[in-house]
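Student: The structure under discussion is supplied below as structure tokens; questions concerning it will follow.
The values are calculated or read from the model by the stated rules, or taken from the named source; none is laboratory data. Quantities reported herein were computed from a predicted structural model and do not represent experimental measurements. Because the Cβ atoms are built from the backbone with ideal geometry, glycine has one as well, and the counts that use them run over all protein chains shown. Ligands, DNA and RNA are stripped out before the accessible areas are found, and what is left, the full protein with its side chains, is counted by its heavy atoms. Shrake-Rupley method; radii C 1.70, N 1.55, O 1.52, S 1.80 Å.
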Amino acid sequence: MLSCTNPPKVMDSTIFAFFFVVFLSTTRAFDPCPSLKQKSDLSDLSIIHIYGKCSPFDSPKPTSSWTTTILDMATKDPQRLTYLSSLVATKPASSVPIGPGQVINIGNYVARVKIGTPGQLMFMVLDTSADTAWVPCSGCTGCSSTVFSQTTSTTYGSLDCTTSECVQAHGLSCPTSGSTIGNCLFNQSYGGDSSFLATLSRDSLQLANDIIPSYVFGCIGNISGKSIPPQGLLGLGRGSMSLLSQSSSLYSGVFSYCLPSFRSYYFSGSLRLGPNGQPKTIKYTPLLKNPHRPSLYYVNFTGISVGQVKVEIPPELLEFNLNTGAGTIIDSGTVITRFVPDAYNKIKEVFRNQTQGPFSSLGAFDTCFSVTHEDVTPRVTLHFMGLDIVLPMENTLIHSSAGTLACLAMASTPNNVNSGLNVIANLQQQNLRILFDVPNSRVGITHEICN
């Protein structure tokens, strides 16, 4: 089983393998579990690994190791790839009001969000490939014990079937006869084996010191299955119902994050909202938009080098294709970077040619070798239009729990996903500042230590 390099002592885990976001705090003494930080010029939230001491979630498997955790996370990637490949638009790009239905069983990050008046704390999954928010509400059947009490919020209100937001909703359920105007209801599948029924609603949403009034989200009333994130989901995608769109006056369509290493224990990365406080010196690559999958963050990925060798990948395996939805995206919800099979096989071949075998497989990883040969492991460079990123070694290799094997931390997309979609995943994004500037159609990437 796998672990990151020199993993810390195993801490409590949860059925949802993700980081969570908490407010920063300014204290005189060291605070391992920071809370609120007052800042006048930016909204800056920290990211802490879910398995650290600051996690609010209980572990169903208290003896799980870090290596088991990463293996378990990676096994969920194929479900997410299937979901991402299924995002074919049937409406204009602005008509995606419902959170992703078939995303993986887990979320990789959650935000500490307050909903309602007075604010009620919820740890909501963050997903850059989703748009709409949804949370479990009071009276919900099948939900966890932590729910949003809509009846105690003085600013809560449900939306009826005449609203424009409801017209945009997938799975719309409205009265077909009579004069009574009903609530806007929708059904959504999730994780391949779960679904929920929700009422489209409005209420105040608070991130750090910022309050977004009349935020539109789904108030869940019924859950079937066990794959629904226990406290909901907050979409960071590009649709009209996403956080960026509903907070455009606050954040101007700009956000960035720096993800801490899986080895991170107390120290956190950050989610930074708005143009203020973003890196001044950072290189950009164009942000592309595909009408077939309008919520996703496509980039012009041009290739990959292993050591000094540029891998010879046919351009059509990487190219952005408006007609098919193929191309390369940056995604916070996939654990390890995935390439279409023909591209990955060429990357694997070049990597093996520069690394000493014999090679074996472990879980999702098929290029594992003895750690005694790790000192000659080549660096991997990702090439984008106008931007090259040399990956730190901890973003390239992952280690067995026994410490005897090192594995290339990349894999092929599932054979049953015929989408031509490549995904730059969160393990390869660790200790990088990823800046999304949607109004200017660009993505910035730079190295930043955020453990």
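Student: Too long at a 32 Å Cα-Cα cut-off: which of LYS226/LYS283; LYS283/LYS348; LYS114/LYS283; LYS280/LYS348; LYS114/LYS226; LYS280/LYS310?
Tutor: Among LYS226/LYS283; LYS283/LYS348; LYS114/LYS283; LYS280/LYS348; LYS114/LYS226; LYS280/LYS310, the Cα-Cα distance tops 32 Å for LYS226/LYS283; LYS114/LYS283; LYS280/LYS348.
Student: So what does MET122 come to for accessible area, using a 1.4 Å probe and Å² rounded to 10?
Tutor: Accessible area, nearest 10 Å²: 0 Å².
Student: Given the protein chains as shown and a 1.4 Å probe, how many square angstrom of SER360 are accessible, to the nearest 10?
Tutor: About 50 Å², ignoring ligands and nucleic acids.
Student: Dipole magnitude of segment 207-330 about its Cα centre, charges +1 at Lys/Arg Cβ and -1 at Asp/Glu Cβ only, in debye to the nearest 20?
Tutor: Details: 9 positive and 4 negative charges, 44 e Å.
So the dipole magnitude of segment 207-330 works out to roughly 220 debye.
Student: Across every pair of different alpha-carbon atoms, what Kirkwood hydrodynamic radius in Å does segment 287-348 reach?
Tutor: Kirkwood hydrodynamic radius for segment 287-348: 12.6 Å.
Student: I've got another one for you. Report the calculated FRET efficiency for THR141 and LEU250 (r = Cβ-Cβ distance, R0 = 51 Å), to the nearest 0.05.
Tutor: 0.90
Student: How far is it, in nm, from the label point at LYS289 to the one at THR151 when both lie 7 Å from their Cα along the line to the Cβ?
Tutor: Once both label points are built, they end up 4.3 nm from each other.
Student: Per 10 Å bin, what is the whole-percent P(r) computed from every C-alpha pair distance within segment 279-447?
Tutor: In whole percents, the pair-distance histogram is 10, 39, 35, 14, 2.
Student: Any chance you could look up the accessible area of GLU165 with a 1.4 Å probe, heavy atoms only, rounded to 10 Å²?
Tutor: Near enough 30 Å² of accessible area.
Student: May I have the convex hull volume per residue, in Å³, for the Cα set of segment 374-435?
Tutor: 129 Å³
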